[in-house]
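Accompanying notes for the structure given below.
The values are calculated or read from the model by the stated rules, or taken from the named source; none is laboratory data. Remember, it's a predicted structure, so these values are computed and weren't measured experimentally. Don't worry about glycine lacking a Cβ; one is built from the backbone with ideal geometry, like all the others, and counts go over all protein chains shown.
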Amino acid sequence: MARLPAGGRRIGVIGKGGSGKSTTCGHLLAHWTAEGTPAVGIDADDPGEQEDGSLYAWSDIADLGGPVYRAPAASRLADEVRRLTPAHGIGLIDTGAWERKSGNRHFAVLAASDLVVLAVQPTPIELERAGSVLKAMEQLEAVGVAVPRLLLLMTMVNRSASSAKETREDLTAAGFTVMRTEVPRSDGRDGYAQAFGRTPRIDPGSPMAMLADELLDEVTR
Ligand SMILES: Nc1ncnc2c1ncn2[C@@H]1O[C@H](COP(=O)(O)OP(=O)(O)OP(=O)(O)O)[C@@H](O)[C@H]1O
Ligand SMILES: [Mg+2]
């Protein structure tokens, strides 16, 4: 397995409210650390928002493998994320609901990341959201900030419905890169819907395990 560079890599996770960002982040931390890649979480969910269900709150009550820190204000975020990212490891930034408002923390997260993962649910409206993220990156580029690569991750995918395939096709046709791995909607007793507050299950071959591998490949290459 190729090694991450000494400075590590930073991955920002963005997307609409309730798209599964924090659930995914918790599992990624657990899988990476279980497989020997040091990883820390940085929770950039806006303060004042409901703490319950946040990555930070989860790490307080369960073992996610690596520690989770609260992100500082936008102006200090990039430096802090760089400082917290372990050597040869991953700094994973979780965010609140995506909003394109210049100067907000989402912009700071884009600027601090080497790779941005946009969580999208299988609905046509997500094409618009992806466009909004792209616009934010263009705004950053216009002021001289190096913009990260953008990957789209399909979440809450209902395996029996055709909507995921259509969303994937629409997004791909629009020029976006959609990750191979999809996070299925899983509402069962041991499903991802029940994961908050528990230690994530490390299941080789599970969607979260495959996602951890695919993302690690993406930041290692
Ligand atoms: N793959 C999944 N299948 C079913 N339910 C899920 C899945 N992932 C997350 N959930 C549930 O959906 C809700 C939202 O998930 P989560 O908190 O991870 O989303 P989020 O994007 O972090 O939300 P927010 O924008 O509010 O931070 C939670 O109740 C969670 O348990
Ligand atoms: Mg969240």
Search result, residues across the stretch 108-132 that are surrounded by fewer than 21 Cβ atoms within 10 Å (Cβ to Cβ) and within 20 Å of ARG9 (Cβ to Cβ):
ALA111, ASP114, LEU115
For the stretch 108-136, name all the residues that are part of a loop (DSSP other than H, G, I, E, B), touching a helix residue (DSSP H, G or I) at 6+ places or on another chain (Cβ under 6 Å) and either modelled with pLDDT of 95 or more or within 16 Å of ligand 2 (Cβ to nearest atom) (or both).
none
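Could you go through the stretch 121-130 and let me know if any residue there is within 16 Å of ligand 1 (Cβ to nearest atom) and over 27 Å from ARG185 (Cα atoms).
Pass one, the stretch 121-130, residues within 16 Å of ligand 1 (Cβ to nearest atom): 121-123, 125-126, 129-130.
Right, trim to over 27 Å from ARG185 (Cα atoms) and you get none.
Taking every residue of the stretch 121-130 in turn, none turns out to be within 16 Å of ligand 1 (Cβ to nearest atom) and over 27 Å from ARG185 (Cα atoms).
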Every residue in the stretch 68-88 that is over 16 Å from the mean Cα position of the chain (by Cα) and within 24 Å of ARG201 (Cβ to Cβ), please.
PRO86
On the basis of being more than 15 Å from ligand 2 (Cβ to nearest atom) and either crowded, with 18+ Cβ neighbours inside 10 Å or in contact (Cβ under 8 Å) with a residue 60 or more places away in the chain (or both), does GLY36 make the cut?
no
Check ARG105, ARG149 and return the single one that is at negative phi, modelled with pLDDT under 95 and not polar (S, T, N, Q).
ARG105
If you take the residues of the stretch 2-24 that are of a type in the set (Gly, Ala, Ser) and crowded, with 19+ Cβ neighbours inside 10 Å, which of them is nearest to ligand 2 (Cβ to nearest atom)?
SER22
When you scan the stretch 3-89 for strands (runs of 3 or more DSSP E) that lie fully inside it, which ones turn up with 2 or more residues that are among the charged types (D, E, K, R)?
9-15
Tell me yes or no: at least one residue of the stretch 1-16 is more than 20 Å from ASP213 (Cα to Cα), within 16 Å of the chain's Cα centre (by Cα) and of a type outside the set (Lys, Arg).
yes
Go over the candidates LEU152, LEU110, LEU140 one by one and state the one that is within 23 Å of ASP213 (Cα to Cα) and without any contact (Cβ under 8 Å) to a residue 40 or more places away in the chain.
LEU152
Scan the stretch 44-68 for residues that are modelled with pLDDT under 95 and exposed (fewer than 12 other Cβ atoms within 10 Å of the Cβ) and jot them down.
GLY48, GLN50, ASP52
Selection from the stretch 69-98 of residues that are within 16 Å of ligand 1 (Cβ to nearest atom), crowded, with 16+ Cβ neighbours inside 10 Å and not aromatic (Phe, Trp, Tyr):
ALA71, LEU92, ILE93, ASP94, THR95, GLY96
